[in-house]
Structures are given as C-alpha cells and as structure tokens.
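Read-outs throughout are calculated quantities, based only on the coordinates presented, and are distinct from any laboratory measurement. Keep in mind the model is a prediction, meaning the values are calculated, not measured. As a convention, Cβ positions derive from the backbone with ideal geometry for all residues, glycine included, and neighbour counts pool all protein chains shown.
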Amino acid sequence: MGVSEAILAIENLTVSFDGFKALNQLNFSMAVGELRVIIGPNGAGKTTFLDVITGKVKPTEGRVLFKGKNLRSFSEDQIARMGIGRKFQTPRIYLNLTPQENLELACNRRKQVFATLFSYSPQAERRTVTGLLETVGLAAKAKIQAGLLSHGEKQWLEIGMLVAQSPDLLLVDEPVAGLTDEETERTGELLQALAESHSIIVIEHDMEFVRQIARQVTVLHEGTVLCEGTIDQVQSDPRVIEVYLGQ
Ligand code: ADP
C-alpha cells in the first residue's frame, strides 16, 4: 500500500524507555476506512503504540505518518485537532450531566476549534447531538444523569463524545472490558456502524469480540508486529499460539 492511500503508516518505529525498547522496529499500515484490531500479550507494546500515535510519547527512531504527515513535530493537542481521537478504558464523561449535555459540550469543543472557519448554527448543533444520541443508542436516556447509565452505556456515550469531534481515526482501548454479553454485542455493532465513516483501531483481549468486529488483526509481541491476518489466520499461527501459551 502506498503512503498516500494509508490513513496511518508507521515506519521502523522504536520507542526506548531508559534503553528498554517498548517498541522495536515496528512497521504498520492501514487504509482509510479500515477497522483494525490489535491484540498481543501483556507488555507487548499496545499502549505505547497508541501513545505514540496520539503524540503522548515521541518515537526514539522511525516515523508515524497520519494522512501522509509526519507527526513528530506536533503536540498531543495538535494531533487531536488533526483528526485522531482516543478512547481510554475508563470513560471520561461528566457523570453529573445528562448524555445530551455531555454531547453538547463535546460538540461545543469542536465548535470552538472551527469557530474561525465555519459559521455556527444552533439548529445544526441540535441535529448533530440528536443524531449522535441515536447513533450511540442513548436517545431514550438523553435526559437522565450520566452517572445513572450502565457501564456499557457510559462507554457508548464517551464514544459519542469522541465522534462529536469529527475524528478521521478513532483509537479505542479495550471497549468491552467489564461489559455484559449483550452490551459487548451492541458495542461491536456500534463500532462497525462507525467504521462506515471512520478509520478505527481497537485494542482488545476478548477474542469472541475480535471475531465479531475484525476483518484484519495485527498481533504485537515484544514491541513489534508478530503477524497480521484474519482472526482465523492469526489464531492458528504457531507463533501466536506459542506467545499466548508462554504467558
Ligand atoms: P501493553 O499495553 O501491550 O501491555 P505497554 O505498551 O504498556 O504494553 O508496555 C510495553 C513495555 O514497555 C512493558 O514492558 C512496559 O513495562 C514498558 N513500558 C511502558 N511504558 C513505560 C515507561 N514509561 N517507562 C518504562 N517502561 C515502560
């Protein structure tokens, strides 16, 4: 794949912490509109991988290209504004506000960023919030306190808040940890619906869930890509079996 077709291209990426290579000569590429799942045992480098993409950690060696642009000289804030949104495991929502108010805040943040570029319309914003509430399945709970939502509903609300900022690339860290089976399935449906208009990277341990959402899986081990393929291909790869058995 040429760099121009890739939303994200990572070349020979090494990240050292006091000489320890958390990422080691890692190469990775994904196309615009792809939903990619990253798996790998504890310590494989998954969190560091996301930290580098968001600019929290800078490469020791190598390059991270987002839409063809080297991210090295940009701050975390600038990278977020360039179109990369990250969802952490613990939802970062305002529990004392309603889902609607949370989403209004998220839309406002975007509005501030674009205020100088586009004219602002309150009607358009209300439509956006209503659409987001429907997308994340919270229209019926738009006006209750977010603190009263289930764990799964809080996760969906935070995904909605990220989407409100119109990212091109969504990074989602273990979205179904602690969710019920039904919530897990609905999370998969939500991510698949979002994948129609976003590129998405999901880090996940739950293999049933990976099977539900992923066409292409990347396995990380010791800071580098061990293999890539469909879930069936990677699960039957002897190198992957060895790495997971060795845990
Ligand atoms: P994963 O998310 O796959 O469990 P991480 O990216 O958190 O893996 O960590 C990869 C390796 O890098 C681990 O061995 C971890 O201890 C080490 N590491 C991560 N961050 C730091 C840091 N800030 N300082 C030193 N070592 C780190």
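Miscellaneous remarks
- The chain, dipole about Cα centre (Lys/Arg Cβ +1, Asp/Glu Cβ -1), debye to the nearest 20: 1020 debye
- Lysine pairs within the chain, Cα separation less than 19 Å, 8 or more sequence positions apart or different chains: 14
- Length-normalised contact order for the chain - Cα pairs under 8 Å, 6+ apart - percent: 27 percent
- A helix-only calculation puts the chain at -11500 deg cm²/dmol for mean residue ellipticity at 222 nm, using -39500 (n - 2.57) for each DSSP H run of at least four residues, averaged over all residues.
- Centre separation in Å (Cα based) which lies between the range 156-180 and the range 214-238: 23 Å
- Amide H contacts of Thr98: Ala146, each under 5 Å away and 5 or more positions distant or on a separate chain (H built 1.01 Å from N in the peptide plane; Pro and chain starts excluded).
- DSSP beta bridge pairing in the chain, given as percent antiparallel to the nearest 5: 55 percent
- Looking at the range 183-247, the pairs of alpha carbons with a distance over 19 Å make up 35% of the total.
- Amide H within-cut-off set for Val225, under 5 Å, with H built and near neighbours excluded: Asn27
- Counting beta carbons within 10 Å around each of Val172, Val234 and listing the fewest first gives the order Val234, Val172.
- Orientation-averaged projected area, Cα convex hull of the chain (nm²): 14.1 nm²
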